[in-house]
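*Asks:* First, the structure itself, so that you have it in front of you.
The values are calculated or read from the model by the stated rules, or taken from the named source; none is laboratory data. Computed from a predicted structure; not experimentally measured. Cβ placement follows ideal geometry from the backbone for every residue including glycine, while neighbour counts extend to all protein chains displayed.
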Amino acid sequence: MKKIIALFLVVIPVYAFAQFSKGQVFLGGSLSASSQSNNYVPTPNNSGPIPSKGNSISISPTLGFLLNPKLAVGGSIGYSTSFSEFDYSSGYYDTNNNYIKSTGYTKTQSQGITFAPFVRYYIPISNSFYFATQGQISFTRSTNDTKQGTIGSSETDQSTPSYTLGANIKPVLIFFPSTKWGIEASVGSISYGHTRYLPNALFR
């Protein structure tokens, strides 16, 4: 039986006043977490995947500063981590028709830190709505650690560091339900990313 638990919490940037002015600050960010497990176990003569599990969590606080009523700069610092385990079963019949079973596993642990500065240009639509275009660049440094082995034998461990450079442009819509506070939302973006694996990967 497969079980999946997921949590997604978005902390939307909040503005103190509906009229933007130089020096105002806005805060926001996002938080997500998930967990899953699979308790399926095949019959002894079956080969293929058997129990697997995984979980992940990421957090990304954001801070912005208005240079003038139409232009803001800011950035976010994000951290993410994930773990997954995949077990498998294989086997064969020997000359005496005895089934020889081999059970192995793969475990993967990933961690990453992201720095992402941005620039945002606001266009007022009405007293309650603003449209903004945001340009952002990002740098992510991450490490992926993979362990593989079979039951009863030694395991291998490979650690692969990497970095990713990215850039994106996205539209943002800000709505003020009252003159005291506002919320924002964004759908879609144009983005580019480049990942490079560093040469000092470790094999153990």
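*Asks:* From 95, 106, grab the single residue that is of a type outside the set (A, V, I, L, M), over 20 Å from residue 197 (Cα atoms) and out of contact with any strand residue (DSSP E or B) (no Cβ under 8 Å at 6 or more places or on another chain).
*Replies:* Among 95, 106, only 95 is of a type outside the set (A, V, I, L, M), over 20 Å from residue 197 (Cα atoms) and out of contact with any strand residue (DSSP E or B) (no Cβ under 8 Å at 6 or more places or on another chain).
*Asks:* While we're here: Would you mention how many residues in the stretch 52-102 are surrounded by fewer than 15 Cβ atoms within 10 Å (Cβ to Cβ), over 18 Å from the mean Cα position of the chain (by Cα) and closer than 30 Å to residue 33 by Cβ?
*Replies:* Number of matching residues: 2.
*Asks:* For the stretch 138-166, enumerate the residues that are surrounded by 14 or more Cβ atoms within 10 Å (Cβ to Cβ) and under 16 Å from the mean Cα position of the chain (by Cα).
*Replies:* 138, 140, 141, 142, 143, 144, 162, 163, 164, 166, listed by residue number.
*Asks:* Considering only the stretch 52-61, I want to know if a residue exists there that is part of a strand (DSSP E or B), of a type outside the set (Gly, Ala, Ser), without any contact (Cβ under 8 Å) to a residue 40 or more places away in the chain and more than 30 Å from residue 186 (Cα to Cα).
*Replies:* The answer is yes; a qualifying residue exists.
*Asks:* What are the pairs, 6+ residues apart or on separate chains, where a residue within the stretch 84-113 that is modelled with pLDDT under 75 has its Cβ under 8 Å from a residue that is of a type in the set (Lys, Arg)?
*Replies:* Filtered contacts from the stretch 84-113: 89/101; 90/101; 91/101.
*Asks:* On to the next question. Show the residue pairs meeting these rules: Cβ distance below 6 Å; 6+ apart or different chains; first residue within the stretch 140-169 and of a type in the set (Asp, Glu); second residue outside any strand (DSSP E or B).
*Replies:* That search, which allows pairs on different chains as well, returns 157/204.
*Asks:* One residue is enough: does the stretch 25-38 have a residue meeting the conditions at pLDDT 80 or above, of a type in the set (A, V, I, L, M, F, W, C), under 30 Å from residue 101 (Cα atoms) and surrounded by 16 or more Cβ atoms within 10 Å (Cβ to Cβ)?
*Replies:* No: the stretch 25-38 contains no residue that is at pLDDT 80 or above, of a type in the set (A, V, I, L, M, F, W, C), under 30 Å from residue 101 (Cα atoms) and surrounded by 16 or more Cβ atoms within 10 Å (Cβ to Cβ).
*Asks:* Then there's this: Quick one: in the stretch 119-137, of everything that is of a type in the set (S, T, N, Q) and within 17 Å of residue 188 (Cβ to Cβ), which residue is surrounded by the fewest Cβ atoms within 10 Å (Cβ to Cβ)?
*Replies:* Residues of the stretch 119-137 that are of a type in the set (S, T, N, Q), as a first pass: 126-128, 133-134, 136.
Cutting the leftovers down to within 17 Å of residue 188 (Cβ to Cβ) gives us 133-134, 136.
Numbers: 133: 13, 134: 20, 136: 19.
Going through the qualifying residues, I end up with 133.
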